[in-house]
Amino acid sequence: MSIMCSVFVPEGIAMAADSRMTTIMTPKDEPEGKPLMFSATDNAQKVFLLSKVKVGISACGLAILDGKTIADFLRLFEIEKVSPGDTVTDVAEKLFAYAQKYIKRMSFFVCGYCKDEPYVYTVGQSITRNNYRDNSIQYSVSWAGEPIAIRKLLQTEPRMAMNLAVMPLKDAIDLSNFLIDTTIQYQRFEQKARSCGGDIDILVLTKDDAFWYRHKLYEPNFR
């Protein structure tokens, strides 16, 4: 499993995720033949910046699609389906169709800007725009994957009070890192398999730019 989040504030969008990929196996020496979860790697890529358009995609759920890692799956998606003139909405709709075979077991965030307007989509069994309600832009946090730690923090009373409508972009970046790290640390002390871990990758999208704030490959010296 995974943990990913998108924090959207007036100055931009921060997309973050962990890097752990797990697999289910039944050890030969397991007396009851029960399948167990194992950590396959702490270097999986789950956040992506498309090269043809300034759109970010993050993913959680299945680690292997069509025999490919999620990174290769989305690379082929861009090559085969994405055009330089596509909007964020176009990308979300194309991804929904492209991943239809796996959509019940996957969740994607698709984020970016169109004419200075932010778009934050969840692509799963349907396409939902997370940052638009009652004919106005909303500033908030979306998350998917292992939800318990973030849910306790943001949805359980007394809730963590925040006003994302006035939050600076740097604080949004730090918040995205905090939420992913909180989930990782929560699992550290929980008596169950740790499905989240590894480095935290953070992609930032603004009205004018899209860049890696933190990435295990592209910004390996960030600490």
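The values are calculated or read from the model by the stated rules, or taken from the named source; none is laboratory data. A quick note: this is a predicted structure, and the numbers were derived from the prediction, not measured. In this analysis, Cβ positions are derived from the backbone assuming ideal geometry, glycine residues included, and neighbour counts consider all displayed protein chains.
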Which numbered condition residue 95 fails, given (1) closer than 17 Å to residue 129 by Cβ; (2) surrounded by fewer than 20 Cβ atoms within 10 Å (Cβ to Cβ): (2)
Residue satisfying all of: in region 179-223; surrounded by 15 or more Cβ atoms within 10 Å (Cβ to Cβ) and polar (S, T, N, Q); farthest from residue 23 (Cα to Cα) among these: 206
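Could you list, in sequence order, all residues of region 84-120 that are assigned to a helix (DSSP H, G or I) and polar (S, T, N, Q)?
Listed by number, the residues that qualify are 89, 100.
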Qualifying residue in region 156-172 (condition: assigned to a helix (DSSP H, G or I), modelled with pLDDT of 95 or more and closer than 30 Å to residue 62 by Cβ): yes
Output for region 175-223, where each listed residue is in contact with a Cys (Cβ under 7 Å, 6 or more places away or on another chain) and small (Gly, Ala, Ser): 176
Which listed residue is polar (S, T, N, Q), farther than 25 Å from residue 66 by Cα, surrounded by 15 or more Cβ atoms within 10 Å (Cβ to Cβ) and touching a helix residue (DSSP H, G or I) at 6+ places or on another chain (Cβ under 7 Å), from 140, 176: 140
Residues satisfying the stated conditions in region 141-150, i.e. closer than 18 Å to residue 177 by Cβ and outside any loop (DSSP other than H, G, I, E, B): 141, 142, 143, 144, 145, 149, 150
